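What follows is one structure encoded as structure tokens, with my remarks underneath.
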Amino acid sequence: MRDLKIPKVQQQVTLWVHPEGRVIGSLYLAQSNELSEQPADLVNQEKAFLVVNREDPNELRFYNRNTIIRVEYEAHPEPDSEGSHVIPCQLHMMDGSLINGEIREQMPADFPRLFDYLNQQDRRFVKLHVDDQMVYLVNKSYINYASAL
């Protein structure tokens, strides 16, 4: 039975959860020889709950994805891939805050717009590079509106 266990690695993150606020902990990401799971892959899954290993208090919690406003983590260098687009934008959040950053994604040549990216049905969270060191995964349900910069 142990042979069937998928190896996991912990990724430290900061979550902003409604109504709790700031939560510091780690996500469990699947790891394989070919490709490692990314935080965006994990938070965009269909499952209702996300496992978070909290730091304070030190405990496992299962957070409802609908209550997660955003997930913040340190960016790892990503190779530039052919067909990737950079879309500078500003997200206007429901609480009145503004988040500036860039969407860096592979998108079809005929649909490289912010509108197209935001309307992808298979993603609940928008991956936004706020600078070279930080990535925010922002829950689309908490975005009031977005503007291209």
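The values are calculated or read from the model by the stated rules, or taken from the named source; none is laboratory data. Only a predicted model underlies this, so the values are computations on that prediction, with no experimental measurement involved. In this analysis, Cβ positions are derived from the backbone assuming ideal geometry, glycine residues included, and neighbour counts consider all displayed protein chains.
Based on this model, can you work out whether GLU37 counts as within 23 Å of LYS140 (Cβ to Cβ) and modelled with pLDDT under 95?
yes
Could you list all residues from the range 1-59 that are in contact with a Leu (Cβ under 6 Å, 6 or more places away or on another chain) and assigned to a loop (DSSP other than H, G, I, E, B)?
Answer for the range 1-59, where residues must be in contact with a Leu (Cβ under 6 Å, 6 or more places away or on another chain) and assigned to a loop (DSSP other than H, G, I, E, B): just GLU37.
Give the residue, chosen from ILE24, ILE87, ILE99, that is over 17 Å from ASP132 (Cα atoms) and under 17 Å from the mean Cα position of the chain (by Cα).
Result: ILE24 is the single residue among ILE24, ILE87, ILE99 that is over 17 Å from ASP132 (Cα atoms) and under 17 Å from the mean Cα position of the chain (by Cα).
Would you please name the residue that is modelled with the lowest pLDDT, looking only at residues in the range 92-114 that are in contact with a Phe, Trp or Tyr (Cβ under 8 Å, 6 or more places away or on another chain) and buried (at least 16 other Cβ atoms within 10 Å of the Cβ)?
The selected residue is MET107.
Conditions first: (1) without any contact (Cβ under 8 Å) to a residue 60 or more places away in the chain; (2) loosely packed, with under 14 Cβ neighbours inside 10 Å; (3) not aromatic (Phe, Trp, Tyr). GLU74 passes all but one, so which condition is the exception?
The number of the failed condition is (1).
Can you go through SER147, SER141 and tell me which one is farther than 18 Å from ASP41 by Cα, among the polar types (S, T, N, Q) and in contact (Cβ under 8 Å) with a residue 40 or more places away in the chain?
Within the list SER147, SER141, the selection yields SER147.
Scanning the range 124-134 for residues that are in contact (Cβ under 8 Å) with a residue 40 or more places away in the chain and crowded, with 17+ Cβ neighbours inside 10 Å, which turns out farthest from ASN44 (Cα to Cα)?
Per the criteria, the residue is HIS129.
Is there any pair with a first residue in the range 12-35 that is assigned by TED's automatic domain parsing to the domain that holds TYR63 and more than 13 Å from ARG70 (Cα to Cα) and a second that is hydrophobic (A, V, I, L, M, F, W, C) and part of a loop (DSSP other than H, G, I, E, B) whose Cβ atoms are under 6 Å apart and which are 6 or more apart or on different chains, and what are they?
ALA30/ILE6
Give the residues of the range 36-58 that are hydrophobic (A, V, I, L, M, F, W, C) and either without any contact (Cβ under 8 Å) to a residue 60 or more places away in the chain or assigned by TED's automatic domain parsing to the domain that holds ASP95 (or both), sorted by residue number.
Scanning the range 36-58 gives LEU42, ALA48, PHE49, LEU50, VAL51, VAL52.
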